[in-house]
Structures are given as structure tokens and as C-alpha cells.
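Readers should treat all values here as calculations from the given coordinates under stated rules, not as data from a laboratory. What you see is a predicted model, and the numbers here were worked out from it, not measured in a lab. Backbone-built Cβ (ideal geometry, glycine too); neighbour counts: all protein chains shown.
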Amino acid sequence: MKRIEFHDRETEAKEFMNILNSEPSLITFVYGPINSGKTALINHLVDRLPEDYKVFYINLRGRFISNYDDFIKVLFDVEHVARYERIKEFLKPIAAVLPESYNGIPIPKDTFLKLFKEKEIEDAFVYIETVLRAFYESGRVPVLVIDELQVIGDMKINGHLIYKLFNFFVRLTKELHLAHVFVVTSDSLFIEQVYSEAVLSDRCKYLLVDDFDYETTTAFLDHYGFDMHEKEIAWQYVGGKPVSLVRLINEKRSEKKIEDVAGSMLKLRTGEIMTRLKIVNELGDEITIGNKRCDVHHEKLVSALKMFVTRDEVGANELDEVSKRYLVKENILFADPLSNTIKTQSMLNLLAMREVMGDA
Ligand SMILES: Nc1ncnc2c1ncn2[C@@H]1O[C@H](COP(=O)(O)OP(=O)(O)O)[C@@H](O)[C@H]1O
Ligand SMILES: [Mg+2]
């Protein structure tokens with residue numbers, strides 16, 4: 001198996017290092033469309049940070065978090081630790097070559113059990129602050145990274161957990177300058193919500209990790225022997241979406257024709273979007289905005305999508321709010337609250353939408 005090397009991201013990496021080289025004072029939201037390479041970038045950078053940084057990386061992706069217990073288990077990565085404890089014996093022979101065993105906040109078992117029993121999220125925050133301070137005082141710079149934070153966006157522990165967390169992050173950065181805090185998310189509705197949040201105004205900055213641009217894409221494909229024609233096909237179908245480019249590279253390695261693979265990727269996505277619209281048309285659907293349930297209208301969805309037949313990007317106010325949110329939630333559109341624009345999540349989505357609208 002041949003690996004695919006991490007490609008480029010020099011501008012973003014530089015920005016990231018600039019942040020790490022100054023005193024922590026703002027929360028950094030790393031955002032961008034799905035599969036644009038946010039997690040890959042963070043992991044790449046974290047692996048290369050000098051020893052004087054101590055990174056705690058917590059990924060909420062795929063974790064089922066519905067209450068306080070679940071949340072603090074993830075925060076302290078106890079399941080991973082418990083599993084590690086169970087299999088430690090088997091790991092002994094290779095222990096020397098293993099990297100640090102886990103990424104959660106280190107915690108002694110009895111302390112964890114106490115926090116677990118008392119259900120006071122504030123106690124957990126105080127504990128974390130103490131751990132971060134210990135690293136800080138030993139001369140290391142603590143860096144806290146929470147990936148896919150939107151997972152707990154709606155969760156309540158005596159009020160919204162997310163606001164308590166934001167307040168905690170503000171304390172770690174702006175008030176105490178104790179740790180760098182990075183929040184990573186693909187959920188543009190979450191970012192939009194964050195953007196308008198009073199607790200966070202002037203207390204955070206945003207770092208966009210978007211799909212590769214044309215030059216970066218062709219340079220990436222050059223490494224894997226794509227000829228001119230193949231590069232053009234790749235760009236035309238999937239644009240600079242890293243995950244899709246990786247797929248094409250692997251398919252080329254198994255001697256598939258790029259055109260065929262790209263064509264079937266488009267067909268698949270077209271079918272998915274068509275089905276979505278058909279379901280809304282026949283069964284209807286609804287979304288919740290704040291506390292209000294709103295009906296999704298098929299005709300409105302279609303007119304929203306139609307705007308993208310001739311344009312790649314539209315202003316946030318050009319779409320009705322319900323259709324916009326629905327299409328964002330369905331990972332078809334991506335809303336960038338900073339530029340107040342909406343585009344598709346990927347080139348493939350744009351093409352698929354155009355196919356569907358062509359038939360509409
Ligand atoms: N800079 C890069 N170089 C090479 N491959 C990348 C790069 N960024 C992302 N990828 C590929 O794309 C996939 C999706 O990226 P990921 O970081 O999971 O996206 P996100 O976190 O933005 O949803 C990765 O698993 C990796 O295969
Ligand atoms: Mg990710």
C-alpha cells in the first residue's frame with residue numbers, strides 16, 4: 001500500500017503557527033466545508049509541534065454524547081484509557097515505539113470517579129484548568145483542540161453546555177492567557193450561531209480551511225502521475241476537495257479511468273440529491289430553528305437550488321432561511337458567515353445540483 005502524503009496547507013499552517021507563537025488571547029474557530037482537510041491539517045501540525053507544546057486533542061466525531069456522563073468520559077478519554085489498560089499487557093513489546101497513549105486530559109481514576117458522581121460540570125472545568133496550569137508552569141504551552149464541537153451544540157446540563165464551554169474557553173484564553181484553544185467544525189450553521197453569540201464577540205477568530213485551489217490541486221495530482229487530461233477531469237468534477245482527490249489517486253493506482261470514476265461519483269451524488277427532493281415533495285420535511293418548527297417547501301428548495309445553475313456562489317440573504325438551513329443541514333450547501341455567502345459543499349454537489357435542476 002502506498003501512502004498519500006500530506007499536501008501543502010502552507011498558508012494555513014503559517015497562520016496556525018503565528019497563533020501558537022503569541023500569547024493565547026482568542027479562541028480560534030477552524031471551519032470550512034466537509035472533508036476539506038481540517039482534521040488532517042490539525043493532526044499534521046500537532047505531530048510536528050516542538051516539545052514545548054502540550055496538545056490535548058479531543059474529537060467528538062462519532063461519539064454519542066447525550067448527557068454529562070458521556071461528555072466528561074470523552075473529555076478525559078476514559079474509554080480509551082480503560083481499553084488501553086486492558087490491552088496494555090499485549091502492547092508491552094511494542095510500547096517503546098508507540099506514541100503517547102491517549103490525547104484526553106490526564107486524570108487519576110478516583111478524581112474522575114468523583115467528578116463523574118457529582119455531575120458538576122464546573123468542577124470538571126476547574127480540574128482541567130488546574131491540569132493546564134501545571135503544564136504551563138512547567139514551561140510547556142498547553143493547546144486544547146476540540147474537533148466537531150457541534151456534536152454537543154444542543155446538549156443541556158443545567159442550561160446549554162456549549163455556553164458554559166465557551167465561557168470556559170474565554171477564561172482560558174482572553175482572561176488567563178493559559179492555553180490556546182482551537183475549535184474545529186464543518187457545521188456552518190453552528191459557526192453561524194457562534195458568530196452571532198454575544199459571549200464570543202471579539203473573543204474569537206476564524207481560520208478557514210477550504211478545498212484546495214486550482215494550483216494546489218494540480219500540484220497535488222502531479223505527484224501521482226496525473227496527465228494534463230486527467231488533471232482537468234479531476235478539477236472539473238471534484239474541484240479541490242481533498243477527500244475526493246485522494247479517492248481519484250487511489251483509483252488511478254488501480255488503473256481505473258479517471259473519467260469513469262468521476263462520472264460515477266457524480267451520478268451517485270445526483271441520485272442522492274434527487275431522492276432528497278423527491279422525499280420532501282412527497283412526504284414533506286421540517287426543521288427546527290430556535291424553538292420553532294418550520295416546514296420545508298419543495299418549490300422553495302427548487303428555486304433556491306436553481307440559483308446555482310448559473311452561479312457558484314450566492315449571498316446569504318438571497319435564499320429563504322428554511323431552505324438555506326435545510327440544504328446546509330443536508331450537506332449540500334455551505335454557508336460562510338464571515339463573507340455572508342453560500343456555496344455548495346463541493347464541486348461534485350454543484351454539478352449534481354445542476355444535473356437535478358436540468359431535469360426539474
Ligand atoms: N492536505 C492534505 N493532503 C493530503 N490529503 C488530505 C489533505 N487534507 C485532507 N486530506 C484527505 O482528505 C480526507 C478528509 O479530510 P479531513 O481532514 O477528514 O476533512 P475535514 O476534517 O475537513 O472534514 C483525509 O482523510 C485525507 O485523506
Ligand atoms: Mg474533521
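Brief remarks follow.
- Loop sites here are chymotrypsin sites (Phe, Trp or Tyr not before Pro) outside DSSP states H, G, I, E and B with no more than 16 other Cβ atoms within 10 Å. The longest part of the chain free of them is 65-360.
- Estimated vicinal HN-Hα couplings, Hz - the range 192-202 in sequence order (Karplus 6.51, -1.76, 1.60; Gly, Pro = x): 4, 5, 4, 4, 9, 7, 4, 4, 9, 5, 6
- Tally of Lys pairs whose C-alpha atoms are under 13 Å apart, taken over the range 257-359, 8 or more apart or cross-chain: 4
- Taking every C-alpha pair closer than 8 Å and separated by at least 6 residues, the mean separation divided by the residue count of the range 10-208 gives a relative contact order of 40 percent.
- With Cα atoms, 0 to 90° folded angle of helix 347-359 axis to the chain main axis: 40
- In the range 1-45, the GluC sites (Glu not before Pro) that fall in loop regions by DSSP, at most 12 other Cβ within 10 Å: GLU5
- Paramagnetic label zone (point 7 Å from Cα along Cα-to-C-beta, TYR53; backbone N under 18 Å) in the range 110-143: 132-133, 135-143
- Dipole magnitude for the chain: about 740 debye, using +1 per Lys or Arg Cβ and -1 per Asp or Glu Cβ, origin at the Cα centre.
- Computed on the chain, with alpha-carbon pairs under 8 angstrom and 6+ residues apart, the relative contact order is 21 percent.
- Debye-sum result for the range 257-359 in log10 I(q)/I(0), which assumes one identical scatterer on each alpha carbon, at q = 0.25 Å⁻¹: -1.45
- Eligible aspartates and glutamates near LYS54 by straight Cα distance, threshold 15 Å, same-chain separation 8 or greater: GLU23, GLU100, GLU129, GLU137
- GNM flexibility winner over the chain from ARG203, ARG140, ARG253 (Cα, springs under 10 Å): ARG253
- Loop-located GluC sites (Glu not before Pro) in the range 158-199, at most 16 other Cβ atoms within 10 Å (DSSP): GLU197
- The chain - share of DSSP beta bridges that are antiparallel (%, nearest 5): 35
- FRET efficiency for the LYS114 to ASN167 pair, using the beta carbon distance and R₀ = 22 Å, is estimated at 0.45.
- Loop-resident trypsin sites (Lys or Arg not before Pro) (DSSP state other than H, G, I, E or B) in the range 272-360 with no more than 13 further Cβ atoms inside 10 Å of their Cβ: ARG311.
- The helix-based estimate of mean residue ellipticity at 222 nm for the chain, built from -39,500 (n - 2.57) per DSSP H run of four or more residues and divided by its residue count, is -15500 deg cm²/dmol to the nearest 500.
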